[in-house]
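All of the numbers you see were taken from the coordinates with simple rules; none came from a lab. Fair warning: this is a prediction, and the values are worked out from it, not measured in the lab. Counting neighbours? That spans all protein chains shown, and the Cβs are built from the backbone with ideal geometry, glycine included.
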Amino acid sequence: MDRVHSAARELGRDGWLKPWSGDNGGSCVEALRLDDGRIAVRQSEDPDGPALLFTLPEIEAFARGWPAGKAQLLSS
């Protein structure tokens, strides 16, 4: 992870996507691709809260690792 951005609102309100939304009562992860290629991730219920910044290779590694069973601690 590159860093935590103190406030997602500083990254703007437009362009955020919910690629992992589901039937979870509106609590979704939103993602935004930044101009420098990094991916910002925030909680949809707190759009002015913190955003985590990841490089594209970090996001790709996470996406590959999930189905391979490398993130069991994140699922119930």
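Peptide packing for 40-48, 56-64 was compared via the average number of neighbouring C-beta atoms within 10 Å per residue; ordered from the highest value, the list is 40-48, 56-64. Assuming R0 = 22 Å, what is the FRET efficiency of residue 48 and residue 27, from their Cβ-Cβ distance, to the nearest 0.05? That gives a FRET efficiency of 0.90.
3J(HN,Hα) along the range 55-65: 7, 4, x, 5, 5, 5, 5, 5, 4, 6, x Hz, from the Karplus curve 6.51 cos²θ - 1.76 cosθ + 1.60 with θ = phi - 60°, whole Hz, x for Gly and Pro.
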